[in-house]
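J.: Below are the structure tokens for one structure; questions will follow.
All of the numbers you see were taken from the coordinates with simple rules; none came from a lab. Owing to the predicted nature of the structure, the values given are computational and were not obtained by experimental measurement. Positions of Cβ are backbone-derived with ideal geometry, glycine not excepted, and every protein chain shown enters the neighbour counts.
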Amino acid sequence: MTARSAWRVASISLLGAAVLLLGATAHAADPPKAYLPGITSTDQSPDGCVSCHTGDKTVKKMLDALKHRDMKDMVKSVPEDCKSCHNEEDGLEPMTLIAHSMHYAKGSKSEFVTRHQGSCLHCHAVSTGSGHVTVKSGPKNW
């Protein structure tokens, strides 16, 4: 199984778990309100990466710290344009692995989990009609 297909299976499994959780809480006596940005609360990150990564934590500043080559002329939308190089076919680590490992590397101690409840919906959007999941992308902020 390729890394990409493994992530697809994991993503589908996570989405299925969320649906089961929502279904189970809908029948509880006093169910807690599910934290689903863009569905049960305001979407504070409509542009995904660039909505959260601002100020001293822009994607550009993180790339500079990693000594990544300059992408200012190639990247207009983040992370959509990043995937043109970061994919399995071109031999670079796919964006799915990069994003998931950075946000969840420290488990419950990850800043993404402690400050943002680790919600998948900060980076992904789900169509409430079809259930189709997409990755949010927005204009680069550098």
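J.: Taking segment 38-53 on its own, how many of its residues are farther than 19 Å from M95 by Cα and either touching a His at 6+ places or on another chain (Cβ under 6 Å) or surrounded by fewer than 17 Cβ atoms within 10 Å (Cβ to Cβ) (or both)?
T.: Result for segment 38-53: 6.
J.: Another question, then. So which residues in segment 94-140 are over 12 Å from G48 (Cβ atoms), surrounded by 14 or more Cβ atoms within 10 Å (Cβ to Cβ) and without any contact (Cβ under 8 Å) to a residue 24 or more places away in the chain, if there are any at all?
T.: Hits for segment 94-140 are I98, S110, F112, V113, G118.
J.: Let me ask you something else. Quick one: in segment 62-80, of everything that is surrounded by 14 or more Cβ atoms within 10 Å (Cβ to Cβ) and touching a residue at least 24 places away in the same chain (Cβ under 8 Å), which residue is farthest from N141 (Cα to Cα)?
T.: E80
J.: Kindly provide the set of residues from segment 95-142 that are in a strand (DSSP E or B) and either in contact with a Pro (Cβ under 9 Å, 6 or more places away or on another chain) or more than 23 Å from T42 (Cα to Cα) (or both), ordered by number.
T.: Those that are in a strand (DSSP E or B) and either in contact with a Pro (Cβ under 9 Å, 6 or more places away or on another chain) or more than 23 Å from T42 (Cα to Cα) (or both): A125, V135, G138.
J.: Those residues that are farther than 14 Å from A125 by Cα, assigned to a helix (DSSP H, G or I) and of a type in the set (S, T, N, Q), I need them from segment 43-57; list them, please.
T.: Scanning segment 43-57 gives no hits.
J.: Within segment 73-87, track down each residue that is under 24 Å from H122 (Cα atoms) and in a loop (DSSP other than H, G, I, E, B).
T.: Answer for segment 73-87, where residues must be under 24 Å from H122 (Cα atoms) and in a loop (DSSP other than H, G, I, E, B): V75, K76, P79, C85, H86, N87.
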